[in-house]
Amino acid sequence: MAGHDHHGHDHHHHHTTNQRALFLAFLLIATFMVVEVVGGLWTNSLALLSDAGHMLGDAAALGLSFLAVRFGARRATPDRTFGYRRFEILAAFVNGLTLLVISIYIMIEAYKRLFSPPEIMSGGMLVIAIVGLVVNVLAAWILMRGERDNLNVRSALLHVFGDLLGSVGAITAALLILLFGWTLADSIASLFVAVLILISGYRVTRDAVHILMEGAPHEVDVVAMQNELLRVDGVNEIHDLHVWSITSNEYAVTCHVLIDETTDDQAVLHDVTNRINRFGAFERSTVQIERAPACCKERTIW
């Protein structure tokens, strides 16, 4: 006998405030990213170009979050039984790889410039960097007006805060060049931003690969879950326990529960499901009840 538990209908009711906040922040960041690329080429500033690279990652993350909210409302189909949830993870994987490539490119360019610093239009660089800071502050303000507990909004906000650091680095470099003629500051600032991009790119790629490989969510202790389920009255064994993420914040679990011949299967099903939900917000849980004589002797726990 199998039991199913579904809590996953809230994702069909995302607030329009979140969609609007994510979309407006995306437009702001994406538009200024183009301005910063043009400005970086015009002023010959690698710090501005590297900050634009960081903004590309932010724009991708914001666009991804917005699409995840939109796609999340789509219904499942017979050939896509989980709907379009995994789109978010596939896009995050591509985004993460792109960030890694950008960071490595910036590091190589910054290394070259350390030995032969080019002429930089520090005045223009300063103006563009200050405007970038204002844009990031505005984007953060827009996102903070959305739901604070929404995972997509919260992760997008972290991206923007990271980009604020990039803008501060570019402003600092521009001031050092303008006041002291220290052109090395541009390369050092771009290296600083490249490290930020590398860290965020690594994290995004790592988390996306973990989900695509059907890894258990980091927040869920699977061994502790199995031990907890074994404490249910009448349960002799828990096997074929599988816990995985459908998306970054949507979890699923399946397991087989071996019980005594005289045990009430519905009571066990109810208790097991309740205990599973203590370990996280599981959108889908499927429990297969098996009675002792009908089950094979050799079993795989996981």
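Quick notes on this structure:
- One residue from I89, I29 being touching a Ser or Thr at 6+ places or on another chain (Cβ under 7 Å), farther than 30 Å from S116 by Cα and at pLDDT 80 or above: I89
- Filter result for the condition that a residue is surrounded by fewer than 17 Cβ atoms within 10 Å (Cβ to Cβ), within 30 Å of F82 (Cα to Cα) and modelled with pLDDT under 90, over D149, D207: D149
- So V287, is it surrounded by 15 or more Cβ atoms within 10 Å (Cβ to Cβ), out of contact with any Lys or Arg (no Cβ under 8 Å at 6 or more places or on another chain), modelled with pLDDT of 90 or more and not hydroxyl-bearing (S, T, Y): yes
- In this structure, T247 does not qualify as loosely packed, with under 15 Cβ neighbours inside 10 Å and either in the same structural domain as R80 (by TED's automatic domain parsing) or not small (G, A, S) (or both).
- Filter pass, I246 being hydrophobic (A, V, I, L, M, F, W, C) and closer than 30 Å to L64 by Cα: yes
- For the residues I106, I120, I102, the requirement of being surrounded by 16 or more Cβ atoms within 10 Å (Cβ to Cβ), more than 28 Å from the chain's Cα centre (by Cα) and under 28 Å from W42 (Cα atoms) singles out I120.
- Residue count for segment 41-58 satisfying the condition of being in contact (Cβ under 8 Å) with a residue 60 or more places away in the chain and surrounded by fewer than 20 Cβ atoms within 10 Å (Cβ to Cβ): 2.
- Some residue of segment 59-68 being modelled with pLDDT of 85 or more, assigned to a helix (DSSP H, G or I) and buried (at least 21 other Cβ atoms within 10 Å of the Cβ): yes
- Residues of segment 210-225 classified as within 15 Å of R278 (Cα to Cα) and not in a loop (DSSP other than H, G, I, E, B), total: 4
- Pick from segment 242-263, criterion without any contact (Cβ under 8 Å) to a residue 60 or more places away in the chain and outside any strand (DSSP E or B), ranking: nearest to N274 (Cα to Cα): T263
- Within segment 210-233, considering residues that are surrounded by fewer than 16 Cβ atoms within 10 Å (Cβ to Cβ) and of a type outside the set (A, V, I, L, M, F, W, C), the one farthest from the chain's Cα centre (by Cα): D233
- Residue in segment 180-191 that is over 13 Å from the mean Cα position of the chain (by Cα) and of a type in the set (F, W, Y) present: yes
- Residue check for L126: in the same structural domain as D58 (by TED's automatic domain parsing) and within 28 Å of the chain's Cα centre (by Cα): no
The values are calculated or read from the model by the stated rules, or taken from the named source; none is laboratory data. As the structure is a computational prediction, the values presented were derived from the model and not from experiment. Using ideal geometry, Cβ is built from the backbone for each residue, glycine included, and neighbour counts are taken over all protein chains shown.
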